[in-house]
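The values are calculated or read from the model by the stated rules, or taken from the named source; none is laboratory data. Just so it is clear, the structure is predicted and the values come from calculations on it, not from any experiment. So basically every Cβ, Gly included, is an ideal-geometry build from the backbone, and we count neighbours across all protein chains shown. Note: areas computed on protein heavy atoms with side chains; ligands, DNA, RNA excluded. Shrake-Rupley method; radii C 1.70, N 1.55, O 1.52, S 1.80 Å.
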Amino acid sequence: MRDSHLVASIVGQQSEQIQLMASEYESKKAELDEADVSTGSQAHSRMVSSLEKQIANQEKRLAEVSVQHEKLQKSYKKAQRGLAEAREYSGQIAKEMEKLNAMETDENREVLQQLRNLVAMNENLKRQEQQFKAHCKEEMNRLQGELQRLQSGDEFGDPEERERLEMISKQYESDKAKMQKIRLLLARRNREIALLQRKIDEVPSRTELSQYQRRFIELFNQMAATLTETKKFYTLYNTLDDKKLYLQKEVALLNSIHDNFQTAMSSSSNKEQFLKQFEQIVEGVRSNKAKVEERKVKEKARRDELQDSYTQLQQQQRQYYKMVRDFQEECSKNELLVAKLKARHSSMQS
């Protein structure tokens, strides 16, 4: 900005000088017109030519200064655009670093540190590449100017100069191959950074893991409730089915007794036979009852055993939750102590 003001002031001074010389020329011309034409014609011509030369020189200088002003103005605008792009790029990098810092946990701290080192190396390589390109461009311009100078001077040139140019050309090719290798290295680093970024994205954070854990617990509780309800329905069905079977047997027995009662009471022999059959039926009912009672006792013992096992599992679950809570508290204390230790170590180093 300061250069543009300087050039503008120079252009203004040159234009003022031209106007001053033009007015001086007019005044001199008027004076010469009033003087004797025969005695001052030659002096007048010399003065006119001198003033015209001065005006031409000043106009030429004004054109050169204007061209220089335009070049400086273009370079200034280009620098302003470069500065704006650099600031925007710096802002993007700052945002990405804030995202990485927000994603940092104990599990991925080493991976993020490695990613930061790779990003810094990438930026360093980019900066070196830009500097190298600028250096190569300056060297190429210098060599092209030297080549044009040599071609305009002597077609064949000095052998030593030709040898020097060949050495410069070989150096240029070597630097060009080196720049290509740097580009390949930069591309490989970019691929490594992208691969690490994908791996970091694939690793769930602590918040996501806690959400998954809560969701799994909800699904497990829902499945357990559904299973318990289904077992209850199966048990109810089996109980009602057994009850139905016993009732059907009881109804069939009562129908048989009712149908055969009149026939059995018709004679004493039929009556004794009926009583014996009735005693056998009663004995069968008692046997079935004993079996059912035995099954009931076994099922009750199994229920008590399962209840004891369930109580032990509940106690173990409470102990597990208590140990997990204690472990989390100790981890928090450990992180706090590590942070204090790092702060004290940094303060001692400083």
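Note on Asn117 and Leu185: with the Förster distance fixed at 25 Å, the Cβ-Cβ geometry gives a FRET efficiency of about 0.95. Note that the range 47-143 presents 76 Å² accessible area per residue, ligands and nucleic acids not counted, probe 1.4 Å. For the residue pairs Lys249/Lys291; Lys71/Lys133; Lys78/Lys181; Lys232/Lys300, the C-alpha atoms sit more than 18 angstrom apart in Lys71/Lys133; Lys78/Lys181.
Assuming R0 = 25 Å, what is the FRET efficiency of Glu70 and Phe132, from their Cβ-Cβ distance, to the nearest 0.05? That gives a FRET efficiency of 0.25.
Would you mind checking Lys99/Lys126; Lys244/Lys271; Lys176/Lys199 for any pair whose Cα atoms are more than 24 angstrom apart? Beyond 24 Å between Cα atoms: Lys244/Lys271; Lys176/Lys199. With a Förster radius of 25 Å applied to the beta-carbon distance between Phe216 and Arg325, the computed FRET efficiency rounds to 0.85.
Label-to-label distance for Leu247 and Arg142 is 11.1 nm, based on points extended 7 Å past Cα in the beta-carbon direction.
Sorted by mean Cβ packing within 10 Å, highest first, what order do the peptides 129-137, 222-230 take? Let's see the in-between values first.
On the way: 129-137: 11.8, 222-230: 10.0.
Going by the mean number of other Cβ atoms within 10 Å, highest first, we get 129-137, 222-230.
Phi angles of the range 320-333 translate, via the Karplus equation with coefficients 6.51, -1.76, 1.60 and θ = phi - 60°, into HN-Hα couplings of 5, 4, 5, 5, 5, 5, 5, 5, 5, 5, 5, 5, 5, 4 Hz per residue; Gly and Pro are given as x.
From a point 7 Å beyond the Cα of Arg109 in the direction of its Cβ, which residues of the range 311-337 have a backbone N at a distance under 20 Å? Backbone N within reach: 327-337.
Here the 3J(HN,Hα) profile of the range 59-74, calculated from phi with Karplus coefficients 6.51, -1.76 and 1.60 at θ = phi - 60°, is 5, 4, 5, 4, 5, 5, 5, 5, 4, 4, 4, 5, 4, 5, 5, 5 Hz, Gly and Pro shown as x. Fully extending the segment from Lys53 to Asn260, taken as 0.36 nm per residue of separation minus the present Cα-Cα distance, adds 58.7 nm.
Per-residue 3J(HN,Hα) values for the range 293-305, derived from phi via the Karplus relation 6.51 cos²θ - 1.76 cosθ + 1.60 with θ = phi - 60°, read 5, 5, 5, 5, 5, 5, 5, 5, 5, 5, 5, 4, 5 Hz in sequence order (x marks Gly and Pro). For the range 191-344, the residue among Ser287, Gln315, Ser210 whose Cα projects farthest onto the positive side of the dipole built from Cβ charges is Ser210.
When a/c is below 1.5 the answer is rounded, else prolate if a/b is larger than b/c, else oblate, so apply that to the range 128-252 with a ≥ b ≥ c taken from the square roots of the Cα gyration tensor eigenvalues. Prolate, since a/c reaches 1.5 and a/b exceeds b/c.
Quick check for you: with a 1.4 Å probe and neighbouring chains kept, what is the accessible area per residue of the range 254-350, in Å²?
95 Å²
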